[in-house]
Amino acid sequence: MTPTPAERAAALRHRIDDANRRYHELDAPDITDAEYDALVRELEALEAEHPQLAGPDSPTRRVGAVPAGRFPPVVHAVPMLSLGNAFEDSEVGDFVRRIRERLDRDELVFSAEPKLDGLAISLRYEHGVFVQGATRGDGATGEDVTANLRTIAVIPPKLAGSGWPDVLEVRGEVYMARADFERWNEHARLHGGKVLANPRNGAAGSLRQLDPKVSAQRPLSFYAYGVGMVEGGALPATHSATLAKLRDWGFPVSDLAAVVHGSDGLLDYYRRIGEARDGLPFDIDGVVYKLDDHAGQREMGFVSRAPRWALAHKFPAQEQTTVVESIEVNVGRTGAVTPWALMQPVQVGGVTVSRATLHNADHVARLDVRNGDTVVVRRAGDVIPEVVQVVADRRPPGAQPWAMPMACPVCGAEVVREEGAAVWRCSGELSCPAQLVQTVFHFASRRAMDIDGLGERYIESLAEFGQLRSVADLYRLTLDDLLEMKRRADERDGTTPETVKAGKVATRWAENLVEAIDRSRDTTLARFLYALGIEHVGESTAKALAQWFGDLEVVRRLPWPLFKRVPDIGGEVARAIGHFLDQPGNQQVIDQLLERGVRIGDTRAPNPKLGQDLDLATLLVDLEIPKVTAIRAAQLASAFADAQALLDAPVHNLVTAGLPGESANALVAWLEDEAHASLLLRSAQAQAALRARLPARSERVAGPLEGKTVVLTGTLSTMARDEAKERLEALGAKAAGSVSKKTSFVVAGEAAGSKLAKAEELGVEVWDEARLLAFLEQQR
Ligand code: IVH
């Protein structure tokens, strides 16, 4: 049944009152500004048609909400009013016509200003000193937020210049700049702080913090746009001149404010600011037109809650509600897996939006966004549209909480999350097409496989034309492939160079690249491991892996707990390496690299020092089993012959072995997970295999530079310093960055400086390049 006008008006009033309370008191609106405006307009229309429905307490007659009472009340000496809204050009025409008719003037001059989307405040200055600041409240009475306003740097505590009235109330907008808002939220999302739905809520929420210290942490700004009470002095005759005075007295006034003529001037201004809107550093929801001369303003007067001499001309809303059709994930170039929402298309800020970012899994969990939910989407500036809120009471029945998929939607590899980090990652580094460009770029970089001449744009084109599906394809590229890529890329970009010279340059580039790729086939284990681009495996970790395990065939078969045997590798890095190696796609690419001729020249036996720790007790600790400490692990290791025996043991045997009930239960619970049991067995087998590879005592040949510390300085003419360093390290030396008494010798190239001087001062042996070359030659 359709409601009667009285019923509809009552429902609208109730809804608007509730929205007002949420917006003004709770700083937690549940509908967008556009929806709110539509409700008010509907009520206004109803009341215009049925004047008997418009009681004195109708929200159409009130401004905002009664203050919530946490702060002392401030009665505004001059009420803080609201503005009438216009959405259509015709309404602006009506506005101008009404003034022209009432004032009987042909030419009208207006001050036009951006309408900042923040919070209205009034600042009271007595004899040039800031004494009190208040929110708008219900227009007649606001809240005393002086202490919080004092924390805003751009609000002058004392007026500058001279000639100010004895009492001056300055009105303006407190707002949060977009960049500050983004920065605040990024920090909050990563560190679990309060994520703000939009800059306006941020500004309102922080001004209404009871503790000014908390308020001071949130970056707020202020623009002055008018005055309230003025006593003991006079202001200029026009609004624009008043703004100029306010600027002289030290207030920020928007540079975008302008004086314009007639309704054409207003609409021009509207269009100009509308075009600039996305690029502004703050949110605006429209522009404000004000009749410029104060005499005219007085003559026009007020109607209910708004002046007849001013008008807010609104822009399309930057927030809208729509329905989430599904939640998908995107895999970025770096492997970060991020959720986003696919939604019913909706106009936001004048643009159709059908997808919005959900930032990360924590953000989804915090908002609790589910398929079918009605959500508020925000699009402001160049920032990607984002889901900022769920409208809780519009959730369809049976909607299920969202969970991150276990497998990468692009390559199927496992999606994992580091402990404590907000980001989830695809572990298919080598095999995930989404990560291809980044992977190849890193693989080819100087400190990895060192393939010169393969820039990111070329990689992108090779990937685009299907010539490169993994790093292994690099070793199948021919001269013709490269030339074809260049030709197609030029064609695509419309830059086809026809000259003979350009052709020659391209051919030379391709020849050089093919040669560089070929040269890169001969490499070291450390470089190769680094080149794979495993999460957390930088150069030094790659070197450590190479030094300790010595052989790619060993490294690539190890389960993750064994990586913890390398000093400086902890659980997080070990797990990252393990996840990488567990992905069949990654292993396949490693196979292809070897098949296509990549040769690791420095394969050797594992470091003998590993032998000390390849036992069950160490393994049980490395597995990070809850409640199994080093002491418990040692007890278990002495009670059970091996991992299999431990697996077969009933609980009471564990207790007999000396384990407290709590540890025994935790261990049994852990082992009940089949994945854990098989990891234990696999790890024990890997330990055995490693032990078998350790050189027998008699065979152990320490490198000739074992135990020696060397420092390299200056420029060598025959090789890069890094290469010299690697070769010395391969012979057992430790490279250090500075010279001390403990330095065994210093290798000094051309233009060696302070390190050479220091060596001479300390009497440390110095090798020149010739001596280094001779030594390296001997060791071949
Ligand atoms: S003038 C009597 N100028 O818009 C005129 N208001 O609905 C009072 N606002 O919350 C307002 N920018 O805080 C005016 N340049 C501007 C403004 C502006 C933003 C806000 C104001 C109030 C709302 C009016």
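The values are calculated or read from the model by the stated rules, or taken from the named source; none is laboratory data. These numbers come from a predicted model, not from an experiment. For neighbour counting, all protein chains shown are included, and Cβ atoms are generated from backbone atoms with ideal geometry for every residue, glycine included.
Yes or no: region 66-88 includes at least one residue that is touching a His at 6+ places or on another chain (Cβ under 7 Å) and modelled with pLDDT of 80 or more.
Start the filter on region 66-88 by keeping residues that are touching a His at 6+ places or on another chain (Cβ under 7 Å), which leaves 86.
With modelled with pLDDT of 80 or more added as a condition, the list becomes 86.
The answer is yes; a qualifying residue exists.
Going through region 181-201 one residue at a time, which ones are free of Cβ contacts under 8 Å to residues at least 40 places away in the same chain and closer than 10 Å to residue 282 by Cβ?
181
Going by the structure shown, is residue 369 touching a Cys at 6+ places or on another chain (Cβ under 8 Å) and at pLDDT 95 or above?
On the way: touching a Cys at 6+ places or on another chain (Cβ under 8 Å): no; at pLDDT 95 or above: yes.
No; evaluated as a whole, the condition is false for this residue.
Take region 323-338 and flag every residue that is among the charged types (D, E, K, R) and surrounded by 14 or more Cβ atoms within 10 Å (Cβ to Cβ).
Listed by number, the residues that qualify are 325, 328.
Please find, among 672, 723, 699, the residue that is at pLDDT 90 or above and of a type outside the set (A, V, I, L, M). Quick ask: steps written out before the conclusion?
Values: 723 fails: at pLDDT 90 or above; 699 fails: at pLDDT 90 or above.
Testing whether each residue is at pLDDT 90 or above and of a type outside the set (A, V, I, L, M) leaves just 672.
Of the numbered conditions (1) without any contact (Cβ under 8 Å) to a residue 12 or more places away in the chain; (2) within 16 Å of the ligand (Cβ to nearest atom), residue 204 fails exactly one; give the number of that condition.
(1)
May I ask you to list the residues in region 503-557 that are outside any helix (DSSP H, G or I) and under 22 Å from residue 442 (Cβ atoms)?
Scanning region 503-557 gives 521, 522, 523, 524, 532, 533, 534, 535, 536, 537, 538, 556.
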